[in-house]
Amino acid sequence: MKLAVIAEIAPAKAFVPILEKIDAEIIGLTHGTGADTLLTKYCTEMHHIGESRGKGAEKRSKAKIASLVFEDVISTIRALKGKKIDLLLTCGNAGDVRKGIIASKFLRIPDLHIEQDFYNPIEMIAFSNLLTVPSDHYKNFLAQNYGIFNSKVIGGYPMASYVNQMQLKDPETVKSEHNIEDFILLVFGGDVQGKGIPQIIKNVEKLDRTVLIVPFRFDATYIRSLIKSPKLKVLDGFVELLSIMNASSSMIYGAGMGLTIEAGVLGVPSIKLAGFHRQHASVDLASQIGIQVAEIDEIHKYIHELKDPNGKWLVNDGKKAVLNVIDLINNFEALKGEKGGIKSFRKIWNARSKFR
């Protein structure tokens with residue numbers, strides 16, 4: 001069997017425990033930074049097919065974004081063409097999913113998509129041959145809201161298995177490397193808009209605590225330009241986030257499922273910023289495991305009252321999910337279902353419009 005995997009860094013973490021166990025030749029396609037570090041050891045060849053949409057004070061124009069997406073789709077097609085791929089794997093709701101599924105349809109390669117955000121999925125999953133969901137609740141949600149019926153319940157999140165098996169640096173080593181002692185970790189991810197960054201920085205500075213900031217998709221120089229307090233430090237480039245997270249006293253983050261799973265498995269007391277995705281599977285999970293969801297101006301209200309999240313159960317469910325995904329891959333032809341198609345595409349597109 002010959003598989004292709006396309007991923008940004010967070011979905012790559014979901015794929016690692018699957019790729020470790022499956023008997024297949026694997027071609028890796030990476031999007032953004034960091035994913036290549038995670039996938040290279042499992043792949044016979046690697047291709048970089050594009051970058052995540054960077055964020056600063058302003059977003060790029062729609063025309064510019066469309067142009068970049070088109071270029072990345074062409075790069076994906078070139079990487080896959082003529083490779084005799086049996087199945088393409090995608091995960092999550094970032095741009096790599098859209099580009100991967102478009103390319104797979106153009107090349108007539110079947111695909112399996114691991115869905116994690118059911119309220120705001122990528123519209124192209126309407127054309128996936130098979131989708132996975134962690135529970136019956138989300139299987140029913142996809143069917144009732146988007147007319148997608150070709151999903152299979154895998155019982156958990158594979159990424160939790162990855163987080164649990166990671167060898168982390170000693171917390172004191174992390175603190176020594178950054179020349180700090182007790183600190184809060186602040187992470188800007190996909191659930192933060194550029195216009196909200198100044199307000200977040202202002203509220204965090206009021207805490208008068210040492211804070212390490214991981215900007216991810218935002219420009220580090222832009223973030224630094226907003227900071228007045230010497231207690232806030234921006235970490236640029238790829239960082240070993242799990243070790244830093246594990247060494248922190250608490251975390252504030254504006255991101256989705258990936259960081260919520262990581263905080264739950266590691267037991268890091270956290271505030272998840274409400275963000276612009278008010279209805280989101282990561283909000284469901286945060287509430288389920290005891291992570292505080294708060295508005296930006298409520299950071300000071302909750303930061304001193306945080307408790308360790310109850311997320312250890314995610315690990316066992318994640319291990320089961322990994323085995324279930326492998327079973328779906330090995331029996332794909334027998335289990336794939338009828339695609340949602342254009343009607344489902346339109347329903348998802350309309351649902352996503354409120355986030356634009």
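Some observations on this one:
- Rounded, prolate or oblate (a/c below 1.5 giving rounded, otherwise prolate when a/b exceeds b/c) for segment 116-200 by Cα gyration tensor: oblate
- Rolling a 1.4 Å probe across all protein chains gives residue 226 an accessible area of roughly 50 Å².
- Whole-number accessible area per residue in Å² for segment 1-136, which is evaluated in the context of all protein chains at 1.4 Å: 39
- Mean separation of Cα contacts under 8 Å, 6 or more apart, over the residue count of segment 226-272: relative contact order %: 36
- Carbon + sulfur, % of accessible area of the chain - ligands and nucleic acids excluded, 1.4 Å: 49
- Rolling a 1.4 Å probe over the protein heavy atoms leaves residue 170 with an accessible area of roughly 90 Å².
- Legend: distances between Cα atoms for 84/336; 99/139; 105/339; pairs beyond 22 Å are 99/139.
- Separation of the alpha carbons by more than 30 angstrom is noted, of 41/62; 62/228; 21/83; 228/272, for 41/62; 62/228.
- Each of 115, 240, 172 has its accessible area taken with a 1.4 Å probe; listed largest first, they run 172, 240, 115.
- Charge-dipole axis of the chain as Lys and Arg at +1 and Asp and Glu at -1 on Cβ define it, positive-most pick from 153, 183, 244: 153
- The amide H of residue 234, built 1.01 Å from its N in the peptide plane, has 213 as neighbours under 5 Å, considering only residues 5 or more places off or on other chains.
- For the residues 106, 238, a 1.4 Å probe over the protein chains yields an accessible-area ranking, largest first, of 106, 238.
- Stokes-Einstein diffusion for segment 144-186, with the hydrodynamic radius set to the Kirkwood value over Cα pairs and evaluated at 10 °C in a medium of 1.306 mPa s, equals 108 µm²/s.
- About the Cα centre, charge dipole magnitude for the chain (Lys/Arg +1, Asp/Glu -1 at Cβ), debye: 1280
- Using heavy atoms of the protein chains and a probe of 1.4 Å, the accessible area assigned to residue 287 is about 80 Å².
- Sparsely packed loop sites in segment 1-101 (the GluC sites (Glu not before Pro) outside DSSP H, G, I, E and B with at most 11 other Cβ atoms within 10 Å) comprise 58.
- Cut-off under 5 Å, modelled amide H: who pairs with residue 189 long-range: 254, 255
- Accessible-area ranking of 219, 284, largest first, probe 1.4 Å: 219, 284
- For residue 29, residues with placed amide H under 5 Å, excluding near neighbours: 5, 6, 7, 47
- Local charge for residue 294 was computed over the other residues whose Cβ lies under 12 Å away, with Lys and Arg +1 and Asp and Glu -1, and equals -2.
- Summarising the overall dimensions of the chain from its C-alpha atoms, the Rg and Dmax are 19.7, 59 angstrom.
- For segment 298-311, putting each phi into the Karplus relation 6.51 cos²θ - 1.76 cosθ + 1.60 with θ = phi - 60° gives couplings of 9, 4, 5, 6, 10, 4, 8, 10, 6, 10, 4, x, 9, x Hz, in residue order, rounded to whole numbers and with x for Gly and Pro.
- For segment 250-294, the relative contact order works out to 42 percent when only alpha carbon pairs closer than 8 Å and six or more residues apart are counted.
- Length released on extending from residue 83 to residue 167, taking residue separation times 0.36 nm less the Cα-Cα span: 26.8 nm
- For segment 282-356: accessible area per residue (Å², 1.4 Å): 61
- Helical mean residue ellipticity (222 nm; -39500 (n - 2.57) per DSSP H run of 4+; nearest 500) of the chain: -12500 deg cm²/dmol
- Sequence-separation-based contact order of the chain, relative, with Cα cut under 8 Å and 6+ spacing, percent: 19
- Centre separation in Å (Cα based) which lies between segment 192-207 and segment 268-314: 17
The values are calculated or read from the model by the stated rules, or taken from the named source; none is laboratory data. Not measured: the values here are computed from a predicted model. Cβ coordinates were reconstructed from backbone atoms using ideal geometry, including for glycine residues, and neighbour counts include every protein chain displayed. In case anyone asks, the SASA skips ligands and DNA or RNA and just uses the protein heavy atoms, side chains included. Shrake-Rupley method; radii C 1.70, N 1.55, O 1.52, S 1.80 Å.
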